[in-house]
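A.B. asks: Sharing a structure with you now.
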Amino acid sequence: MESKLYVGNLSYSTTEDDLRTLFTQAGTVSSVALIKDRDSGQSKGFAFVEMSTQVEAEKAISTFNGYHLGDRELKVSLARPREERTGGGFGNRGGNNRGGHRPQRGGGKRY
């Protein structure tokens with residue numbers, strides 16, 4: 001069984017150390033990953049906390065789901081595997097192909 005937890009509804013000022021300190025009350029914390037915006041470095045308001053055992057993960061969920069940290073009520077649950085993203089990049093999005101058909105040089109109409 002998994003021991004990685006999703007922790008949501010975090011204040012943007014919450015740090016990884018804050019989460020490590022809090023979740024240590026439920027057991028041994030293996031890792032903390034606070035998710036940040038790639039461009040600005042600003043927290044996105046959620047994190048992943050990995051506990052060392054399934055029992056500790058379950059204790060953390062029962063202890064901290066609904067727990068008030070600062071002015072926020074935490075949402076804590078087992079982390080789900082990341083879903084595959086479809087599309088992405090510059091593929092064909094709903095028929096709007098921006099690949100750029102260009103008129104041939106010479107002989108044709110001028111635009």
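A short reminder: the numbers here are calculations on the coordinates, not readings from a lab. Owing to the predicted nature of the structure, the values given are computational and were not obtained by experimental measurement. Here the Cβ is made from the backbone with ideal geometry for all residues, glycine too, and neighbour counts use every protein chain on show.
A.B. asks: Within 10 Å, count the other beta carbons around each residue, average over each peptide in 7-17, 70-80, and list them highest first. Walk me through the numbers before you get to the answer.
C.D. replies: On the way: 7-17: 15.7, 70-80: 13.5.
Per-residue mean Cβ counts within 10 Å order the peptides as 7-17, 70-80.
A.B. asks: Let me ask something else. Which three lengths, in whole Å and largest first, does the stretch 11-76 cover when its Cα atoms are put on their principal axes?
C.D. replies: The principal-axis extents, from largest down, are 36, 24, 15 Å.
A.B. asks: Please give, to one decimal in nm, the separation of the simple spin-label points placed at Q42 and K4, each 7 Å out from Cα toward the Cβ.
C.D. replies: Spacing of the two 7 Å Cα→Cβ label points: 2.7 nm.
A.B. asks: With the crude spin-label approximation of a point 7 Å out along Cα→Cβ, what separation in nm comes out for S52 versus T86?
C.D. replies: Taking the two extended label points, one gets 4.3 nm.
A.B. asks: Just need the relative contact order of the stretch 4-78 here, percent rounded to a whole number, with Cα pairs under 8 Å and 6+ apart.
C.D. replies: On the way: 137 pairs, mean separation 31.5, N = 75.
For the stretch 4-78, the relative contact order is 42 percent.
A.B. asks: Let me ask something additional. Within the stretch 40-63, which residues have the backbone N less than 19 Å from the label spot 7 Å out from L78 along Cα→beta-carbon, could you tell me?
C.D. replies: 47-63
A.B. asks: Which ordering of V32, V55 is given by a fewest-first count of other beta-carbon atoms within 10 Å?
C.D. replies: Values: V32 20, V55 13.
Placing the least packed residue first, the sequence is V55, V32.
A.B. asks: With a 10 Å Cβ neighbour count serving as the proxy for reagent exposure, in which order, fewest first, do F48, F64, F23 appear?
C.D. replies: Details: F48 15, F64 21, F23 25.
The fewest-first ordering by Cβ neighbours comes to F48, F64, F23.
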